[in-house]
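Asker: Please find one structure pasted underneath; my questions will follow.
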Amino acid sequence: MNICKKRRIQTARLELKPYSAQDVGALAALLMNPEIAKTFMVPKFESIAQAEALAEKLVGFSRIEDVRHLEYGIYLNGALIGFVNDCGIEGDAIEIGYVVHPEYQGRGYASEAVKAVLGELRETGFRKVSAGYFAENEASRRVMEKCGMRKEGVLRQRLYNKGKFVDVALYAILKSDPRKPVWVPSQTL
């Protein structure tokens, strides 16, 4: 299924949109943030140049013309504070991930951004949207629950890219009937 991105999604406090070339530095800083690396699967960068190379790739994925990737920057008053992206697409099911800079966490920004993206994915026709979080990241669990997602299960000892094993709790929301735009929490375990 193709991703139909908008040039801009406005929420009560945030703007979600594709990145610009000027966002590479801020995006690389998010990817290299040690607090974010504890809860979001990012590569271990040997240099800022490696992080900037990945950031440039993500900027490309966020272009409106790219219908294979979901990638939106989360902006507050014009500043990039996070992102929402796809972690995999299979048919009419998509897994998403999201990051908000630690300085802006605990204010509802992640929930606001994820709800907006769920609305876009619903309009696009995705039947299932899922997300995972490291079991110790209770804040991410609360975001998923606030957005109507329900627990599907836990992946035990998923190898994290830093060489350690973690439990990843999986949450999802399902579109109940393709003729009705009502989503229901997933009942699968």
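Asker: Restricting attention to the stretch 39-56, and to residues there that are surrounded by 13 or more Cβ atoms within 10 Å (Cβ to Cβ) and without any contact (Cβ under 8 Å) to a residue 12 or more places away in the chain, which single residue is nearest to GLY88 (Cα to Cα)?
Answerer: The extreme case among them is ALA53.
Asker: Return the only residue of ASN2, ASN33 being of a type outside the set (D, E, K, R) and open to solvent by less than 60 Å² (accessible area, probe 1.4 Å).
Answerer: Details: ASN2 fails: open to solvent by less than 60 Å² (accessible area, probe 1.4 Å).
Being of a type outside the set (D, E, K, R) and open to solvent by less than 60 Å² (accessible area, probe 1.4 Å) holds for just one of ASN2, ASN33, which is ASN33.
Asker: Output yes when any residue across the stretch 67-77 is surrounded by fewer than 16 Cβ atoms within 10 Å (Cβ to Cβ), closer than 21 Å to SER130 by Cα, of a type outside the set (A, V, I, L, M) and in contact (Cβ under 8 Å) with a residue 24 or more places away in the chain, and no when none is.
Answerer: Within the stretch 67-77, one or more residues are surrounded by fewer than 16 Cβ atoms within 10 Å (Cβ to Cβ), closer than 21 Å to SER130 by Cα, of a type outside the set (A, V, I, L, M) and in contact (Cβ under 8 Å) with a residue 24 or more places away in the chain.
Asker: Another one. Counting only residues that are under 13 Å from TYR171 (Cβ atoms) and either open to solvent by 20 Å² or more (accessible area, probe 1.4 Å) or in contact with a Gly (Cβ under 6 Å, 6 or more places away or on another chain) (or both), how many does the stretch 111-138 have?
Answerer: 6
Asker: Follow-up question, since we're still on this one. Do you know which of the residues in the stretch 5-30 that are small (Gly, Ala, Ser) and open to solvent by 20 Å² or more (accessible area, probe 1.4 Å) is nearest to LEU76 (Cα to Cα)?
Answerer: Among those residues, the one meeting the criterion is ALA12.
Asker: So which of GLY148, GLY106, GLY82 ends up being surrounded by fewer than 14 Cβ atoms within 10 Å (Cβ to Cβ) and either in contact with a helix residue (DSSP H, G or I) (Cβ under 8 Å, 6 or more places away or on another chain) or touching a residue at least 12 places away in the same chain (Cβ under 8 Å) (or both)?
Answerer: Checking each option against the conditions leaves just GLY106.
Asker: Working only within the stretch 138-163, note down all residues that are in a strand (DSSP E or B) and either hydroxyl-bearing (Ser, Thr, Tyr) or modelled with pLDDT under 90 (or both).
Answerer: VAL154, LEU155, ARG156, GLN157, ARG158, LEU159
Asker: Do you know which residues across the stretch 58-96 are charged (D, E, K, R) and touching a Pro at 6+ places or on another chain (Cβ under 8 Å)? Give the steps one after another, and end with the answer.
Answerer: To start, the set of residues in the stretch 58-96 that are charged (D, E, K, R) comprises 63, 65-66, 68, 71, 86, 90, 92, 95.
The answer is ARG63, GLU71.
Asker: Mind counting the residues in the stretch 37-60 that are within 17 Å of ASN85 (Cα to Cα) and at pLDDT below 95?
Answerer: Summing the residues that are within 17 Å of ASN85 (Cα to Cα) and at pLDDT below 95 in the stretch 37-60 gives 6.
Asker: On to the next question. If you go through the stretch 164-174 one residue at a time, do you hit one that is in a strand (DSSP E or B), touching a Leu at 6+ places or on another chain (Cβ under 9 Å), modelled with pLDDT of 90 or more and of a type in the set (Val, Ile, Thr)?
Answerer: Taking every residue of the stretch 164-174 in turn, at least one turns out to be in a strand (DSSP E or B), touching a Leu at 6+ places or on another chain (Cβ under 9 Å), modelled with pLDDT of 90 or more and of a type in the set (Val, Ile, Thr).
The values are calculated or read from the model by the stated rules, or taken from the named source; none is laboratory data. Since the model is a prediction, treat every value here as computed from it, not as a measurement. Backbone-built Cβ (ideal geometry, glycine too); neighbour counts: all protein chains shown. SASA here: full protein model, heavy atoms, side chains in, ligands and nucleic acids out. Shrake-Rupley method; radii C 1.70, N 1.55, O 1.52, S 1.80 Å.
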